[in-house]
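Here is the structure we will look at, set down as C-alpha cells.
The values are calculated or read from the model by the stated rules, or taken from the named source; none is laboratory data. Note that the structure is predicted; figures quoted are calculated from it, not measured. A quick note on method: Cβ atoms are made from the backbone with ideal geometry, for glycine too, and the neighbour counts reach across all protein chains shown.
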Amino acid sequence: MSKAFESIKRGLTQAITHHKGKARGVRMHTPAEVDVQALRKRIGLTQEAFAAKFAISLGTLRHWERGDRKPHGPALVLLRVIEKEERAVLRALG
C-alpha cells in the first residue's frame, strides 16, 4: 500500500481512538467562546454593518447574539482574531 494510504489509515485510526476516549497524548485546540454582541458593540457597528463587513449572515449573527447558537469552526476563529486584532482584520478587508 502507498505511504499516503498508510498515513490516512493511521490518522483515521487515531481519530476513532480519540473519539472513543482512549487516546493518550492527543492535543486539541478549541478557541474560547466569544461574546459576539459585546465584540460588535466594542467595534461600534450595527448588526447589519458587522454582518456585512465580515461576511456573516445577518440571521446567523442575530442567533449568536441571542444565544440560540454559538459560532464554531472558522467563524469562531475569525471572531477570535477580530476580538484580538480588529484593526488588522479591518485593514486586511480594505
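The residues on offer are THR30, THR60, and the sole one that is at pLDDT below 95 and within 18 Å of the chain's Cα centre (by Cα) is THR30. Return the residues of the range 7-27 that are assigned to a loop (DSSP other than H, G, I, E, B) and modelled with pLDDT under 80; say none if nothing qualifies. Selection gives GLY21, LYS22, ALA23, ARG24, GLY25, VAL26, ARG27.
In this structure, LEU79 does satisfy being touching a Pro at 6+ places or on another chain (Cβ under 8 Å), of a type outside the set (Val, Ile, Thr) and in a helix (DSSP H, G or I).
Please count how many residues of the range 41-51 are assigned to a helix (DSSP H, G or I) and exposed (fewer than 13 other Cβ atoms within 10 Å of the Cβ). Break it down stepwise before answering.
So the first thing to find is which residues in the range 41-51 are assigned to a helix (DSSP H, G or I), and the list is 41-43, 47-51.
Narrowing further to those that are exposed (fewer than 13 other Cβ atoms within 10 Å of the Cβ): 42, 48-49.
Matching residues across the range 41-51 total 3.
Selection of the range 1-40 for residues being farther than 28 Å from LYS70 by Cβ and surrounded by 10 or more Cβ atoms within 10 Å (Cβ to Cβ) yields GLU6, SER7, ILE8, LYS9, ARG10, THR13. Taken together, the residues in the range 77-92 that are touching a residue at least 24 places away in the same chain (Cβ under 8 Å) and either of a type in the set (Asp, Glu) or over 15 Å from ARG40 (Cβ atoms) (or both) amount to 3. For the range 61-73, the count of residues that are surrounded by 16 or more Cβ atoms within 10 Å (Cβ to Cβ), touching a Leu at 6+ places or on another chain (Cβ under 8 Å) and in a helix (DSSP H, G or I) is zero.
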